[in-house]
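**Student:** Handing you a structure now.
Please treat every number below as a calculation from the coordinates, not as lab data. The model shown is predicted, which means the values in this text are computed figures rather than measured ones. Note that each Cβ is placed from the backbone with ideal geometry, even for glycine, and that neighbours are counted across all protein chains shown.
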Amino acid sequence: MRVPGLIRRNWKLKVLCFFIAFVTWVGVVYAGNPPETRVIALPVPQSSANIPPGFVLVHPVDSVLVRVGGDQNTLNALNPNVLTMSVSWAAVNRAGTYSIPISITSSDSSIELIDPPTSVQVDLDVFTSKSVTVTITITNPPPVGYASGTEQASPSTVVVEGPEHELANIEARATVNLSNQKANFQEQVPVLVYDASNQRLNNVGVKPTDVNVSIGINADVTSRTMAVTPRIVGSPSPGHYLLGIVVTPLTVVATGPQDLLNSFDSLSTVAIPLGGITGTYTQTVDIIAPPGVTLSVRQVTVEIEMGAVPTPTASPTPSPSPTASGT
């Protein structure tokens, strides 16, 4: 077959031009959407449904880093769900550390897996449970003047489930803060588990997760000697003034919660009106005490002495001097 002269004429130049055009086109395409690689963190299936029955992970398995390749647009729109990991637990027959085979596949043909990992390190232990007594831990005591009393958790024990070697010497704690508690405490409190080193264990289960904690709060009762101040109201009667007041006894012993007694320095009596009192007046009156405070005596005797304002006396009118008569 004879090739037409139009094609044969300057064919080397035509091939060169085609090659230059192709290279230019490829450069433009790759400049706009170049190939790239990305690292994807792929979680390892490790729920109780994935792990062989009778075993539990001592520590959670970290996500596996998988490098993938593709063009820029594809990687920008990448949905990690196109990557699937399967784990082979067939070798697990006892507690210990294993290198478990894994297989990673992509359901998107435009995504290339670049040297994907083929195994993960896991630490397995026998799954067991243990009944543990609940310890009530008070982080802050009640306010000044109050003290905690009887403590009770209901139920008093919980069942802790997890790796066998981590359940040795554990403590189940219900932690409460009583810094603002002035009445009996009763609430549902979560139970947290700690090991012998006082480190909280997060990979164990607790049943039930909450317990009802009851703590009695008692007022710290104390006694103080306090002065009694009579409460005087009104003004003296016209023409009188207050000379003095005597209270018997001057002090009483008050008994009650310490924080309540610290809130005042003296006690007052019921009101005593001054109007109408002349001379010396004696009256037995009640002392006012706050609720919760008892007194050694409930009444005092108040003696009030009033003075009379002196009435000024008029000065005598002088007699006229006799006048000498003229001669």
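**Student:** Count charges around VAL56 for me, please; just the other residues with Cβ under 14 Å from its Cβ, Lys/Arg as +1, Asp/Glu as -1. Before the final figure, lay out the partial values.
**Tutor:** On the way: positive: ARG94, LYS130; negative: ASP123, ASP125, GLU161, GLU164, GLU166.
Counting the neighbours of VAL56, the net charge comes to -3.
**Student:** Can you put TYR194, TYR146 in order, fewest other beta carbons within 10 Å first? Walk me through the numbers on the way to the answer.
**Tutor:** Details: TYR194 16, TYR146 19.
In increasing order of surrounding Cβ atoms, one gets TYR194, TYR146.
**Student:** Just to be sure I understand: if I project the alpha-carbon convex hull of the range 150-213 onto a plane and average over all orientations, what area do I get in nm²?
**Tutor:** Averaging across all directions leaves 4.9 nm² for the Cα convex hull.
**Student:** Something else now. Candidates [x] 52; [y] 72; [z] 33; which is the computed percent of Cα pairs over 30 Å apart?
**Tutor:** Here percent of Cα pairs over 30 Å apart agrees with entry [y].
**Student:** Roughly speaking, what is the centre-to-centre gap between the range 146-213 and the range 100-123 when only Cα atoms are used, to the nearest Å?
**Tutor:** Centre-to-centre (Cα) distance: 42 Å.
**Student:** Arrange the following residues from fewest to most other Cβ atoms within 10 Å of their Cβ: VAL253, VAL189.
**Tutor:** Least to most surrounded, the residues fall as VAL253, VAL189.
**Student:** Follow-up. Treat each spin label as a single point 7 Å out from the Cα along the C-beta direction, and report the ASN202 to LEU243 distance in nm.
**Tutor:** Spacing of the two 7 Å Cα→Cβ label points: 8.3 nm.
**Student:** Just rank VAL132, VAL82, VAL300, fewest to most, by other beta-carbon atoms within 10 angstrom.
**Tutor:** Going from least to most buried by this count: VAL82, VAL132, VAL300.
**Student:** Out of the DSSP beta bridges found with both residues in the chain, what percent are antiparallel (nearest 5)?
**Tutor:** Percentage antiparallel, nearest 5: 85.
**Student:** Helix 11-32 against the longest principal axis of the chain: what's the angle in degrees, Cα atoms only, rounded to the nearest 10?
**Tutor:** With rounding to tens, the tilt is 20 degrees.
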